[in-house]
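Notes follow the structure.
What follows draws every value from the coordinates through simple rules; no lab data is involved. Everything numeric here is computed off the predicted structure, so don't read it as measured data. Positions of Cβ are generated from backbone atoms using ideal geometry, with glycine treated the same way; all protein chains shown enter the neighbour counts.
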Amino acid sequence: MTHLQQLRTRLAEISDLNHVSALAGWDQQTYMPPGGSAARAEQSATLQKLAHEMFIAAETGRLLDAAAGEVNRLDPDSDEARLVSVARRDYEKSRKVPAELVAEIARVTGQAVDVWTEARAASDWKPFSPYLARVFELQRQLAGALGYTDRMYDALLDRFEPDMKTAQVQAVFEAIKPDLIGLVRAIAAKGQAVDDEVLRREYDEKRQWDFGLEVIKRYGFDFKRGRQDRSVHPFTTSFSINDVRITTRVDRQFLSPALFGTLHETGHALYEQGLRQSLERTPLADGASLGMHESQSRLWENLVGRSRPFWKFFFPVLKGFFPEQLADQTAESFHRAANTVSPSFIRVEADEVTYGLHIMLRFEMENDLLEGRLKAGDVPEAWNARMQESLGITPPDTAQGALQDIHWSSGLIGYFPTYQLGNLISLQLWDKINADIPDLARQIEHGEFAALLSWLRANLHQHGRKFTSNELLQRITGSGLNPAPYLKYLKAKYGEIYDLA
Ligand code: ZN
């Protein structure tokens, strides 16, 4: 057996442990009775510990060295060479962080999430403030252990968006901010030209569920290799390329969570189901980065699911499910309602235009906190000032302001920007897709998505983690991260819907 084969066997077993751990996590959020939570926490911790210890063991390093010798005559872009280099990168990163620091971060964030939950319920920043300070102190230590050359944030961002640099993200965000703020103001000046009242009528939950399934069947979601269940917070997870799970939630008084949530998670799932089968049980069997993953969810949710051609086809179908609720609507009026823009306090409820501003606020504040320009106690005030500056509104309380997201209490610093990177990347891909499939809009109008999915599989999905998101963007579009297609799309789409000059 070659060393590469031995390495593959070892990595496959680690992948098995991680996937069973994911299965335990999926069950916890879908079907597990509350009584199971203490035992499940122990079981998950044990599985993760076993996988981690097996991965950082000296034996893995020995096999990586020996396998590198065997693949060095191969094409550096071959699956084998990339498998070894990606695993090597993961290995080095995992070994750099001392076990005591990992344990301390787990302990502090465990407490911080509990304190945050209560603080948010009471809308009171004070009890959470010292925990946030401690979380950021530990993140500074983590960045120091991982290492960085330019910005401390680089080390944290790299965990979610390998190879992307803070300066690169910052330059792009700063470039688009004035245009986004300008667009939000121009739309606000139009008053209530468009509203989403029709989405907030009473809709039977079972029918909402069935309509969602009908859409994603047409999208190409493979039900023989995946399924959808309910959960409080929607998510996508996978235990294999051939077993991908999505979840959604249904609100009887609001159509959007189930409908657009299902389309969003399906975008993630199509990426996972589209990985090349030969990558199964290797570290390459995953998305290139969180940003690239989000580009896929946003593409199917927004670029397809909130488009006029989509509703030309699906409005009559939806009306078949809800003839009374939609009696006064047309495909056109419904499409407008689904694209209502309105500055709001809560990120997860934000529309396509305002969403990016929510993310940029968090990215800027994370850097300020990390680099010592902002103190934990001053966060709510700084938050409100930035909300006023970018969206023209001030949260009435901290629960709807700085306490709304779980990320900071969980120690997920460097995660937020990937949401907006996903939006930007989705439009870069969309431009290229429309150039390659000139009649795509007509196909969508007829409920046909096969050419679109084939394009994504051939150009993006199949590669998994072989290439970083920067490399993929170069290979697919010929350029690096570029915000121009995103701005052009928003200005054209909302300029038309809101009749902006
Ligand atoms: Zn997502």
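Anisotropy class assigned to the stretch 163-322 is oblate, per the alpha carbon gyration tensor with a/c at or over the 1.5 cut-off and a/b no larger than b/c.
Summing Cβ point charges (Lys, Arg +1; Asp, Glu -1) relative to the Cα centre of the stretch 3-147 gives a dipole of roughly 320 debye. Remark on D229: its backbone amide H falls under 5 Å from those of I246, T247, T248, a criterion applied only to residues 5 or more positions apart or on other chains, H modelled at 1.01 Å from N. Karplus-derived 3J(HN,Hα) values for the stretch 472-485, using 6.51 cos²θ - 1.76 cosθ + 1.60 with θ = phi - 60°, are 5, 4, 4, 5, 7, 9, x, 9, x, 4, 9, x, 4, x Hz; glycine and proline are entered as x. When the GluC sites (Glu not before Pro) in the stretch 247-343 are filtered for DSSP coil states and for at most 10 other beta-carbon atoms within 10 Å of their beta-carbon, the remaining sites are E324. A simple count of charges around W408, restricted to other residues whose Cβ falls under 10 Å of its Cβ and scoring Lys, Arg +1 and Asp, Glu -1, yields -1.
Counting Lys and Arg as +1 and Asp and Glu as -1 over every other residue whose Cβ lies under 14 Å from the Cβ of K126, the net charge comes to -3. Partners of K491 within straight-line reach, counting lysines whose Cα lies under 19 Å from its Cα and excluding those fewer than 8 residues away in the same chain: K177, K190, K432.
Nearest-5 percent of antiparallel DSSP beta bridges in the chain?
50 percent
The value of relative contact order for the chain, using C-alpha pairs under 8 Å at least six residues apart, is 20 percent. For the cross-link pairs K126/K375; K165/K375; K312/K493, the ones whose C-alpha atoms lie over 18 Å apart are K165/K375.
Stretching V348 away from A99 to a fully extended chain increases their span by 86.3 nm, per 0.36 nm per residue minus the current alpha-carbon distance.
Only four residue types carry charge here, +1 at the Cβ of Lys and Arg and -1 at the Cβ of Asp and Glu. Report the dipole size of the stretch 149-227 about the Cα centre in Debye, rounded to the nearest 20. Walk me through the numbers on the way to the answer.
Numbers: 15 positive and 16 negative charges, 56 e Å.
Magnitude of the dipole: close to 260 debye.
Per-residue Karplus couplings for the stretch 395-402, computed as 6.51 cos²θ - 1.76 cosθ + 1.60 with θ equal to phi - 60°, are listed in order as x, x, 8, 6, 4, 8, x, 5 Hz, Gly and Pro entered as x.
If you average the sequence gap of Cα pairs under 8 Å that are 6 or more apart and divide by the length of the stretch 3-147, what percent do you get for the contact order? Don't skip to the end; give the middle numbers.
Working: 82 pairs, mean separation 31.6, N = 145.
Here the relative contact order equals 22 percent.
Of all lysines in the structure, those lying under 16 Å Cα to Cα from K319, and not within fewer than 8 positions of it along the same chain, are K206.
Candidates L427, S390, V232 compared by Cα position along the dipole of the chain: farthest toward the positive end lies L427, with charges placed on Cβ.
Over every Cα atom in the stretch 3-147, the radius of gyration and the widest Cα-Cα span, Dmax, amount to 19.4, 62 Å.
Treating the beta-carbon of each Lys and Arg as +1 and of each Asp and Glu as -1, no other charges, what is the dipole magnitude of the chain about its Cα centre, to the nearest 20 debye? Present the calculation step by step, with values, prior to reporting the outcome.
Values: 58 positive and 68 negative charges, 102 e Å.
Charge dipole, the chain, about its Cα centre: 500 debye, nearest 20.
Taking the charge dipole of the stretch 3-147 about its Cα centre, with +1 at Lys and Arg Cβ atoms and -1 at Asp and Glu Cβ atoms, the residue from W116, A45, G35 reaching farthest to the positive side is W116. How long are the three semi-axes of the equivalent ellipsoid of the chain, in whole Å, if each is the root of 5 times an eigenvalue of the C-alpha gyration tensor, listed from largest down? After scaling each eigenvalue by five and taking roots: 36, 29, 23 Å. Per-residue ellipticity at 222 nm, computed for the chain from helices alone with -39500 (n - 2.57) per DSSP H run of at least four residues, works out to -20000 deg cm²/dmol. Think of the chain as having a plus end and a minus end, set by charges on the Cβ of Lys, Arg, Asp and Glu; of L64, L259, Y148, L64 sits farthest toward the positive end of this dipole. Near F467, once Lys and Arg are set to +1 and Asp and Glu to -1 for all other residues with Cβ below 11 Å from its Cβ, the sum equals +1. Rounded to the nearest Hz, the phi-derived 3J(HN,Hα) couplings of the stretch 267-272 under the Karplus curve 6.51 cos²θ - 1.76 cosθ + 1.60 (θ = phi - 60°) are x, 4, 5, 5, 4, 5, where x marks glycine and proline.
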